[in-house]
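The values are calculated or read from the model by the stated rules, or taken from the named source; none is laboratory data. Just so you know, these numbers come straight off a predicted model, no measurement behind them. Cβ placement follows ideal geometry from the backbone for every residue including glycine, while neighbour counts extend to all protein chains displayed. Protein only, heavy atoms only, side chains kept; ligands, DNA and RNA dropped before computing areas. Shrake-Rupley method; radii C 1.70, N 1.55, O 1.52, S 1.80 Å.
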Amino acid sequence: MATVSINLATGSIQKEDIIVGIDLGTTNSLVAFINPEGNPQVINDTGKGVLVPSVIHLGNEVSVGNEAKSYLTTDPTNTIFSVKRLLGRAYKDIEYHKDFFSYKIIDDDLESLVKIKAGDSFYSPIDLSAMILKELKARAEHALKTPVNRAVITVPAYFNDSQRQATRDAGKLAGLDVLRIVNEPTAASLAYGIGLNPEEEKVIAVYDLGGGTFDVSILRIQNGIFEVLSTNGNTFLGGDDFDRAILNYWIEQNKLDISQLDGSTLQALRLKAEEAKIALTPQNIFNDRVGGIPCAIAKTVFQELILPKVEETILCCKNALKDAGLTVGDINEVIMVGGSTRTPLVKQKVAELFQRPVHDQINPDEVVALGAAIQADILSGNRKDILLLDVTPLSLGIETMGGLMDIIIPRNAKIPTKAGRQYTTSIDGQVNMKISVYQGERDLVKENRKLAEFDLKGIPAMPAGFPKVDINFLLNADGILTVQAIELRSGVKQQVEVKPTYGLTDEEVEQMLLDSIEHAKDDVSQRMVIEARREGEQMVYTVERFLEKNGSFLSQEEIQATRTYTSKLKESLNSGDKDMILKKIDEINEYTRPFAERLMDHAISHAMKGKAIE
Ligand code: ADP
Ligand code: MG
């Protein structure tokens, strides 16, 4: 049965559920959709505005947005802001900045991810982000007068898999089917129509200065694929610093003693400072009062105050270029994102650095959500599909004999990607094969991180080396890994889905990489020992099988001597001495070679005999 819904807001028939684009920001969040004219449009739920401050008040009732923001001074311990900073994070990631938060963040050794305590309850950043998403969903449903169940959500390009997965989980918790997690710079680029034409090839810089964070991304767009070449930034630099600079200036000008100011006056001054900053975009002077306190500032003074911060962002841009191996001349477009890029000095400095006018035609605080709506539209099949490219931070592979890591998808591989390899059994009649999936850079799986383990069962009994087991890794655009094992002769198949770095912090990823460098030499020699041992074991197995089956071709002395060689090889296997093992293998090879020849001759004459009888 087909259902046809009529969208009462637009009067049009909706064939399918609408898919919205969501910018889940550190300071502000918002939703956008594609209107019936086919254009992206931000959702403005009547009277509530477009931007929803990413603030949650956990009182008797939960409130989100502007209403919650008013509790920042009156009920700071139960008013959660900047939750995006905590998403997919471990306590040790944010420990250094814990004074930044006015609410209580829990260091729970048992849990790798942080929790927040408000009242007597504990919340995860996923729970809290879900509250913001629920509010956005409700606003979209109210404004569009239709259920909204599907969404594309944006994240910073530097978000790791754990942070992406946490964002996805928050969406799910809010009742949204998250069709894709998209990088914010990619969304911004799409909003400007850059990358929509698969023919076009460009390198762009996306400069994003928000409320409390700054990041710059260099992207290469090729064949409709967005590849992040580098990112740089500072997660504690943003518009709030500009407000603080003005506030401190007024405190100094008026010779105020902060310790004498009550909380609400201080908050009023802070809000006035933001107002001044915004006013100084079109005006040259700002002049007002808070209570009896004069609040005046000239644009020139403001610019002097923020210059060091702006220059810091410029340095980040230079570093991003360096990391991408590019120079200013290689950049074809520069896109401005984030409310703070409205400040003229910011635009001016960025344009100066890149030696070109910047894209600022679209509202910088809406551009990401608008681009996300375009991506949603692409996913609903309304536009030609565009791939989004990312890289995997750590190698993915499986355990092979001797506990060795066999890499299937190398680190830094662009995703989505798939790769596979063929394996076989090592024992005659083996009917099960254990497949253990690992992530990491070390040669030994025990030093890496296990992601999953499963058995490929029901392989028909065959001699060792006969089954052909294809193991395929499929890493999708959201970083979800599907591992499939299939025995080609019989068709038996198994598959599992895993989330590669869920719960891994940036530091853990970094540590895993550092360890792999530090131990590279040891690992190589260890790998060589294991490989020699594996070869030796195979040799012992083969020789023993040979004696069992073909003993009748050998003399007693030959059998005895072969046994002696084999036991010497067996003894050497656990010596950890690669050269010794290889030497013993050579000796057996040398000694048994004539047997093989003898057997071959026999087989040939036997076959001829067979022919003759026939
Ligand atoms: P985020 O991406 O971090 O959620 P936004 O992109 O919404 O944040 O940016 C919020 C910041 O933009 C705030 O610091 C706000 O004061 C600042 N902002 C908004 N409008 C202006 C303006 N006209 N001039 C300067 N700063 C602005
Ligand atoms: Mg933003």
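General observations
- Test set (1) part of a strand (DSSP E or B); (2) among the aromatic types (Phe, Trp, Tyr); (3) surrounded by fewer than 24 Cβ atoms within 10 Å (Cβ to Cβ) - Tyr158 fails condition number: (1)
- Any chance Lys318 is over 15 Å from Leu229 (Cβ atoms) and open to solvent by 40 Å² or more (accessible area, probe 1.4 Å): no
- Filtered residues of the range 284-294 (kept if open to solvent by 30 Å² or more (accessible area, probe 1.4 Å) and in contact (Cβ under 8 Å) with a residue 40 or more places away in the chain): Pro294
- Set Lys277, Lys255, Lys272: member being free of Cβ contacts under 8 Å to residues at least 24 places away in the same chain, of a type in the set (D, E, K, R) and assigned to a helix (DSSP H, G or I): Lys272
- The single condition among (1) surrounded by fewer than 18 Cβ atoms within 10 Å (Cβ to Cβ); (2) under 39 Å from the mean Cα position of the chain (by Cα); (3) aliphatic (A, V, I, L, M); (4) outside any helix (DSSP H, G or I) that Ala485 does not satisfy is (1).
- Residues being among the hydroxyl-bearing types (Ser, Thr, Tyr), more than 14 Å from the chain's Cα centre (by Cα) and assigned to a helix (DSSP H, G or I) - total across the range 165-195: 2
- Of all residues making up the range 17-31, the number that are farther than 24 Å from Ile80 by Cα and either of a type in the set (D, E, K, R) or within 14 Å of ligand 1 (Cβ to nearest atom) (or both): 1
- Among (1) open to solvent by 60 Å² or more (accessible area, probe 1.4 Å); (2) within 16 Å of ligand 2 (Cβ to nearest atom), the one test that Ile278 misses: (2)
- From the list Ile407, Ile362, the one residue that fits, being open to solvent by 30 Å² or more (accessible area, probe 1.4 Å), β-branched (Val, Ile, Thr) and assigned to a strand (DSSP E or B), is Ile407.
- Only listed residue being of a type in the set (Lys, Arg), in contact with an Asp or Glu (Cβ under 8 Å, 6 or more places away or on another chain) and either crowded, with 16+ Cβ neighbours inside 10 Å or more than 26 Å from Pro53 (Cα to Cα) (or both), chosen from Lys299, Lys309, Lys255: Lys309
- Highlighted here are the helices (runs of 4 or more DSSP H) found entirely within the range 44-151 that include at least 3 residues which are more than 16 Å from ligand 2 (Cβ to nearest atom) and farther than 23 Å from Gly210 by Cβ: 125-144.
- Leading residue by the ranking (farthest from Ala324 (Cα to Cα)) among those in the range 197-213 that are of a type in the set (D, E, K, R) and not in a loop (DSSP other than H, G, I, E, B): Asp208
- Filtered by the rule that a residue be surrounded by 15 or more Cβ atoms within 10 Å (Cβ to Cβ) and either at pLDDT below 85 or of a type in the set (D, E, K, R) (or both), the range 419-450 gives Arg421, Ser426, Glu441, Arg442, Asp443, Glu447, Arg449.
- Restricting attention to the range 451-465 and to residues that are among the hydrophobic types (A, V, I, L, M, F, W, C) and assigned to a loop (DSSP other than H, G, I, E, B), the residue that is surrounded by the most Cβ atoms within 10 Å (Cβ to Cβ) turns out to be Ile459.
- Those residues of the range 44-53 which are farther than 14 Å from Pro364 by Cβ and either within 16 Å of ligand 1 (Cβ to nearest atom) or modelled with pLDDT of 95 or more (or both), in sequence order: Asn44, Lys48, Gly49, Val52, Pro53
- Residue list for the range 326-341, filter: without any contact (Cβ under 8 Å) to a residue 40 or more places away in the chain and either over 22 Å from Pro357 (Cα atoms) or open to solvent by less than 60 Å² (accessible area, probe 1.4 Å) (or both): Val328
- Any hit, the range 403-418, residues being modelled with pLDDT of 85 or more, among the β-branched types (Val, Ile, Thr) and in contact with an Asp or Glu (Cβ under 9 Å, 6 or more places away or on another chain): yes
- Criterion (touching a Ser or Thr at 6+ places or on another chain (Cβ under 9 Å) and either touching a residue at least 12 places away in the same chain (Cβ under 8 Å) or of a type in the set (Ser, Thr, Tyr) (or both)) met by exactly one of Ile306, Ile297: Ile306
- One residue stands out in the range 173-204 among those that are crowded, with 16+ Cβ neighbours inside 10 Å and either on the phi > 0 side of the Ramachandran plot or among the small types (Gly, Ala, Ser) (or both): the one that is modelled with the lowest pLDDT, namely Gly195.
- The set of residues in the range 1-43 being more than 16 Å from ligand 2 (Cβ to nearest atom), open to solvent by 50 Å² or more (accessible area, probe 1.4 Å), within 18 Å of Leu136 (Cα to Cα) and at pLDDT 85 or above consists of Gln41 alone.
- Residues of the range 235-259 that are at pLDDT 95 or above and within 16 Å of ligand 2 (Cβ to nearest atom): Leu237, Gly238, Gly239, Asp240, Asp241, Phe242.
- Identity of the residue in the range 214-243, open to solvent by less than 20 Å² (accessible area, probe 1.4 Å) and in a loop (DSSP other than H, G, I, E, B), that ends up nearest to Val367 (Cα to Cα): Gly238
- Within the range 162-172, the set of residues being within 16 Å of ligand 1 (Cβ to nearest atom) and either open to solvent by 10 Å² or more (accessible area, probe 1.4 Å) or not small (Gly, Ala, Ser) (or both) comprises Gln163, Thr167.
- Residue pairs meeting the criteria (Cβ under 8 Å; at least 6 apart or on separate chains; first outside the structural domain of Ala138 (by TED's automatic domain parsing), in the range 57-78; second assigned to a helix (DSSP H, G or I)): none
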